[in-house]
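Values quoted throughout were computed directly from the atomic coordinates according to the rules given, and no laboratory measurement underlies them. What you see is a predicted model, and the numbers here were worked out from it, not measured in a lab. Here Cβ is always computed from backbone atoms with ideal geometry, including for glycine, and neighbour counts include all displayed protein chains.
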Amino acid sequence: MYKRILTIQDISCVGQCSLTVALPILSAAGLETAILPSAVLSNHTGGFSGWTFTDLTEDLPKIRERWELEKVDFAAVYTGYLGSAKQIDYVKDIVKSRLVSGGRFIADPAMADNGKLYAGFDDNFVEAMKKLCFSADIILPNITEAAMLTKSEYKESYDKSYTDELTEKLLANGAKTIIFTGVSYKPETTGVLVVENGSPQYYEHRKIAGGCHGTGDVYASAFVGALENGFSAFDSAKIAADFTLECIEKTQGDSEHWYGVKFETALPSLIKALKLI
Ligand code: PXL
């Protein structure tokens, strides 16, 4: 079946994140991908000295109304970076109105990393993001986001009891399937913790020193691409992890490319992993 899905996140014109990453990755995964930009920024907010920010919040309900009139709906909706708390309410309306029955809503909180909220977000935004994530079928928080969504202490080093605690709290709040990204129990490795039907499965892989911008978006996009090609949540999590690692490896050593990863160079591997060629 030829699937049309929708992704809602910002356009950072430069910086290899959000829509400029999601659209090519989802297209490479063979999915017709409609986009809804939440905002347009000159560049992302991680590491540049400033940025323009054009908020598109009030376009969202107008676009939804048009799609309702045209009877345009989507086999899945995947949300990433959103520009404001108000926007989150509009996104909920879009999911309610335009996601086909039985279609999956996948939410990446895309609001924090390394213990800190991204620039421009506040507690009010976190509260709104909680409601969105707890209404989703699948969420992809990193450890910082999971801690913020559950009002838990953020820990830089932790063991399984901490991720168990975060899991329990997320499930108690209504989370369904959880894909924890960047879960590292040992200094030399990291991985993805997948909680489906309440039971956890961990995919551990090598850790590459130094964080890279945009890898959360690369990861979530590849995950959605695999999932919507029929792979299980765990297999999709693995495929996305291997792809993201390759993207980081292909970027390492190029100090001028600090703002994102050269994901384009790894797309052939993703297409092979998805068995599309
Ligand atoms: O990659 C997440 C992201 C998306 N969009 C914008 C960002 C960031 C992270 O900093 O600034 C605008």
Looking at the stretch 154-240, which GluC sites (Glu not before Pro) are DSSP coil and have at most 14 other C-beta atoms within 10 Å of their C-beta? GLU156, GLU188
Once R0 is set to 30 Å, what does the formula 1/(1 + (r/R0)^6) return for the Cβ-Cβ distance between ASP123 and SER97, expressed as a FRET efficiency to the nearest 0.05? 0.60
Can you pull out the chymotrypsin sites (Phe, Trp or Tyr not before Pro) in the stretch 1-108 whose DSSP state is coil and whose Cβ has at most 11 other Cβ atoms within 10 Å? TYR2
Shape of the chain from its Cα gyration tensor (a ≥ b ≥ c, root eigenvalues): rounded if a/c is under 1.5, otherwise prolate when a/b > b/c, or oblate? rounded
Cross-link pairs beyond the 27 Å C-alpha cut-off, checked among LYS86/LYS250; LYS71/LYS238; LYS169/LYS238; LYS92/LYS186; LYS86/LYS176: LYS86/LYS250; LYS71/LYS238; LYS92/LYS186
Would you be so kind as to identify all helices of the chain, as entire DSSP H runs, whose Cα atoms reach 24 Å or more along the helix's own axis and whose mean Kyte-Doolittle hydropathy is at least 0.0? 233-251
Excluding residues fewer than 8 positions from LYS96 in its own chain, the aspartates and glutamates with Cα under 15 Å of it are GLU65, GLU68, ASP73, ASP137
Starting from the 7 Å offset along Cα-to-Cβ, what nm value, one decimal, do you get for the label separation of ILE277 and GLU156? 4.3
If I stretch the segment between ASP55 and ASN173 completely, what's the gain in nm (0.36 nm per residue apart, minus their alpha carbon distance), one decimal? 39.5 nm
Sort the stretch 112-198 into rounded, prolate or oblate with this rule: let a ≥ b ≥ c be the square roots of the eigenvalues of the Cα gyration tensor; rounded if a/c is under 1.5, and if a/c is not under 1.5, prolate when a/b is larger than b/c, oblate otherwise. oblate
Can you tell me the length gained on complete extension of the stretch ILE208 to GLU249, counting 0.36 nm per residue apart and subtracting the Cα distance? 14.0 nm
Calculate how many DSSP beta bridges within the chain are antiparallel, expressed in % of all such bridges and rounded to the nearest 5. 45
